[in-house]
Amino acid sequence: MLGPIRFAATLQSLYPFWWNEAKIKATQEERLRTLLAHAVEHSPYYKRRFSGIDVTTCALTDLPILTKAEMMENYDDLVTDPRLKKADLGAFVDDIRNLGKLYLGRYGVSHTSGSQGQPALIVQDEHALSLIFAVQFARATKLKRRFLPHLGRFLNPARMAVMTVKPGFYPSAAAFAYIPRYLSPLFKVLRLSYSDPMADNVRRLERFRPEYITGYASALESLGREEAEGRMNLRAEAALKQITNVAEPLSDEAGVWLEQVFDTHVADEYAMGECMVLSSGCIAGRGAHVNADLAILEVVDEHNRPVPPGVEGSKVLVTNLYNHVQPIIRYEVDDRVTMSAEPCPCGSPMPRIARISGRTKDQLWIDDGGRMREIPYYVFLVPLHHVLDLAEHQILQTGPRQFVVRLVPLRGKQLAVDGIRERIMENVRAEGLESTIEVAIEVVSEIPRGPSGKISRVRNEYALTKSRPQTQERAGT
Ligand SMILES: [Zn+2]
């Protein structure tokens with residue numbers, strides 16, 4: 001019974017109208033000090049890393065930055081429960097049958113999408129897992145601002161459709177697999193896979209009559225086309241209350257267009273597996289509000305200097321204030337974010353993110369009997385989610401049908417290339433591409449950086465002389 005009571009209390013405390021700037025600041029400060037003290041006491045890594053720093057008084061900017069490679073290299077020392085070991089957790093997520101099972105009876109496990117170069121393991125306790133849903137209820141939906149109306153959900157569960165790549169341990173899918181049992185009567189979840197035939201997805205959506213749809217910008221745009229061109233008719237059902245974009249930047253034009261097509265609000269959420277409640281989509285307009293009581297988002301330039309609101313940063317540093325088992329403090333993420341300098345018309349006192357952009361990626365494509373066919377990069381990327389000793393990767397198209405997957409191991413680690421090749425070829429076969437494309441795997445010690453100092457992880461060298469469209473992607477959820 002403790003779970004539901006704690007959830008109700010959390011939900012109640014999260015409502016934005018209890019908060020003002022002073023309370024946000026005080027709560028953030030208090031939670032930061034608790035996190036730092038816990039990290040230094042229980043994590044050998046942070047004890048070493050923060051030695052000589054007084055964590056009761058230091059400024060956040062006095063603390064060193066954590067990269068994903070650093071976190072994964074020091075994983076066993078970084079977590080605060082000594083029973084958690086990278087190798088065991090890696091084996092756990094390798095078996096899809098474990099999805100939704102609590103590790104050691106208390107932790108949800110996920111891995112990030114690997115779009116940042118390498119996958120990262122994330123472990124969080126049940127409170128953190130329920131917080132994802134409490135924040136969603138309290139801050140990201142327009143209608144239910146108080147707790148009592150939620151009780152009606154036991155009779156009439158919210159219908160949520162989620163469109164991801166495939167079922168798996170990546171954060172947006174794992175969050176739903178780990179819904180605490182006492183919350184499951186509140187939702188019905190329809191999981192759709194981006195790679196299934198669109199006609200099947202449309203049929204399932206029409207039957208389900210979703211109130212909420214969550215998906216990547218590109219998936220939402222394809223659904224928008226189905227609706228706009230008359231192959232789907234969700235608008236007529238008038239059930240839809242909100243569409244939420246995650247994981248890819250959504251342009252203003254696409255957001256406005258989707259709102260017209262579906263006649264509903266489109267929220268834009270910015271979060272990542274390392275901090276699932278980083279922000280909630282604004283309930284009134286574009287952009288998202290940082291949940292500054294639960295996380296700290298620093299927008300910085302390439303030398304980690306703070307960038308003022310209104311100016312685009314070159315990366316962000318994220319501090320997760322609620323995950324004590326895997327402390328994530330000033331964690332570097334390669335997204336370009338612009339904070340708003342103006343208060344938000346929706347009235348939320350939480351800082352507003354005006355714009356989020358990701359890295360520009362090339363498209364991969366082949367000539368399929370005179371027709372251009374796009375090869376989704378996740379065909380190559382998804383198998384890499386399991387390679388926990390990976391430091392960096394690059395997917396290259398080098399010829400009309402030739403692809404190269406370049407891999408850099410973590411320092412002092414070796415990669416099992418045969419196993420990786422087998423997993424990639426499994427995916428290539430599943431897409432029906434085995435007789436169409438050639439894939440080579442290269443293990444290298446370094447991947448050359450582009451003029452911006454960043455690695456382009458999906459690069460089409462063959463098409464460089466031809467002008468092809470580009471898409472963007474941000475740190476994956
Ligand atoms: Zn707002």
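Just so you know, all these numbers are worked out from the coordinates, no wet-lab data involved. Values in this document were obtained by computation on a predicted structure and should not be read as measured data. So basically every Cβ, Gly included, is an ideal-geometry build from the backbone, and we count neighbours across all protein chains shown.
Details
- Placing +1 on the Cβ of every Lys and Arg and -1 on the Cβ of every Asp and Glu, with no other charges, gives the range 2-357 a dipole of roughly 1320 debye about its Cα centre.
- Dividing the mean sequence gap of close Cα pairs (under 8 Å, 6+ apart) by how many residues the chain holds gives a relative contact order of 16 percent.
- Value of [θ]222 nm, deg cm²/dmol, for the chain, DSSP H segments ≥ 4, -39500 (n - 2.57) each, nearest 500: -8500 deg cm²/dmol
- With q set to 0.05, 0.09, 0.13 Å⁻¹, the log10 of I(q)/I(0) for the chain, from the Debye formula over equal scatterers at the Cα positions, is -0.18, -0.60, -1.36.
- Across the range 290-298, computed HN-Hα scalar couplings (Karplus, 6.51 cos²θ - 1.76 cosθ + 1.60, θ = phi - 60°) run 5, 7, 6, 7, 10, 7, 10, 10, 9 Hz from first to last residue, x flagging Gly and Pro.
- With neighbours defined as other Cβ atoms within 10 Å of a residue's Cβ, the residues Lys86, Lys25, Lys68, Lys188 order from fewest to most as Lys25, Lys188, Lys86, Lys68.
- Pairs exceeding a 25 Å alpha-carbon distance, out of Lys23/Lys241; Lys25/Lys315; Lys25/Lys241; Lys47/Lys68: Lys23/Lys241; Lys25/Lys241.
- Whole-Hz couplings from phi, Karplus 6.51/-1.76/1.60, listed for the range 381-390; x for Gly and Pro: 6, 4, x, 6, 4, 8, 8, 7, 9, 8
- Spatially proximal aspartates and glutamates relative to Lys188 (Cα-Cα < 13 Å; intrachain offsets below 8 disregarded): Glu211
- For the range 392-408, putting each phi into the Karplus relation 6.51 cos²θ - 1.76 cosθ + 1.60 with θ = phi - 60° gives couplings of 6, 8, 8, 10, 10, 9, 10, x, x, 9, 9, 10, 10, 10, 9, 10, 10 Hz, in residue order, rounded to whole numbers and with x for Gly and Pro.
- Amide hydrogen neighbours beyond the local backbone of Lys241, cut-off 5 Å, H modeled: Tyr212
- Close amide-amide hydrogen proximity is noted between Leu390 and Leu410, each under 5 Å apart and 5 or more residues distant or on a separate chain (H modeled in the peptide plane; Pro and chain starts excluded).
- Amide proton proximity set for Ala295, modelled H, under 5 Å, gap of 5+: Leu321
- Taking Cβ atoms as reference points and 13 Å as the exclusive limit, the residues near Ala39 contribute a net charge of +3, counting Lys and Arg as +1 and Asp and Glu as -1.
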